[in-house]
1. Using the structure shown, decide if residue 38 is within 14 Å of the chain's Cα centre (by Cα), in a strand (DSSP E or B) and surrounded by 14 or more Cβ atoms within 10 Å (Cβ to Cβ).
2. Quick one: residue 28 ticks every box in (1) under 20 Å from residue 6 (Cβ atoms); (2) out of contact with any helix residue (DSSP H, G or I) (no Cβ under 9 Å at 6 or more places or on another chain); (3) assigned to a strand (DSSP E or B) bar one, so which box is it?
3. What do you reckon, is residue 55 exposed (fewer than 13 other Cβ atoms within 10 Å of the Cβ), outside any strand (DSSP E or B) and under 14 Å from the mean Cα position of the chain (by Cα)?
4. Please give the number of the condition residue 64 fails out of (1) out of contact with any helix residue (DSSP H, G or I) (no Cβ under 9 Å at 6 or more places or on another chain); (2) more than 22 Å from residue 115 (Cα to Cα).
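The values are calculated or read from the model by the stated rules, or taken from the named source; none is laboratory data. In this text, all values refer to a predicted model and were calculated from it rather than measured experimentally. Methodologically, a virtual Cβ is constructed for each residue, glycine included, from the backbone with ideal geometry; neighbour enumeration extends over all protein chains shown.
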């Protein structure tokens, strides 16, 4: 997992502006993931992905939401057709479904998940 840089501590609180541009530009790992803020019981995170794939995984009790800001993300799913997402498109993976995000070009994504989730899966 050396190609992942997953930062779980939020960088902002309520009433604070978050500037995604400089944060995305500073990403220095092929799969960078930074928690932006906790809103109630959920985390809002920024993912900056170079072309390649994350590993197959699932979150047994938690749904996961992806919103593509730039680039293209394919979410491969067990026993289902993959979800192909371009900028401005979103998709939610239900709890317990094995999936694997694949960036086909440099891609920036906002993810929303319940607090306490293990980003690498259960």
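1. Details: within 14 Å of the chain's Cα centre (by Cα): no; in a strand (DSSP E or B): yes; surrounded by 14 or more Cβ atoms within 10 Å (Cβ to Cβ): yes.
For residue 38, the condition - within 14 Å of the chain's Cα centre (by Cα), in a strand (DSSP E or B) and surrounded by 14 or more Cβ atoms within 10 Å (Cβ to Cβ) - is not met.
2. Looking at each condition in turn, residue 28 falls short on (3).
3. Details: exposed (fewer than 13 other Cβ atoms within 10 Å of the Cβ): yes; outside any strand (DSSP E or B): yes; under 14 Å from the mean Cα position of the chain (by Cα): yes.
For residue 55, the condition - exposed (fewer than 13 other Cβ atoms within 10 Å of the Cβ), outside any strand (DSSP E or B) and under 14 Å from the mean Cα position of the chain (by Cα) - is met.
4. Checking residue 64 against (1) out of contact with any helix residue (DSSP H, G or I) (no Cβ under 9 Å at 6 or more places or on another chain); (2) more than 22 Å from residue 115 (Cα to Cα), the one that fails is (2).
Yes or no, residue by residue, for (1) in contact with a strand residue (DSSP E or B) (Cβ under 8 Å, 6 or more places away or on another chain); (2) at pLDDT 95 or above; (3) surrounded by 12 or more Cβ atoms within 10 Å (Cβ to Cβ); (4) assigned to a strand (DSSP E or B):
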site	(1), (2), (3), (4)
12	yes, yes, yes, no
18	yes, yes, yes, no
33	yes, no, yes, yes
65	yes, yes, yes, yes
91	yes, yes, yes, yes
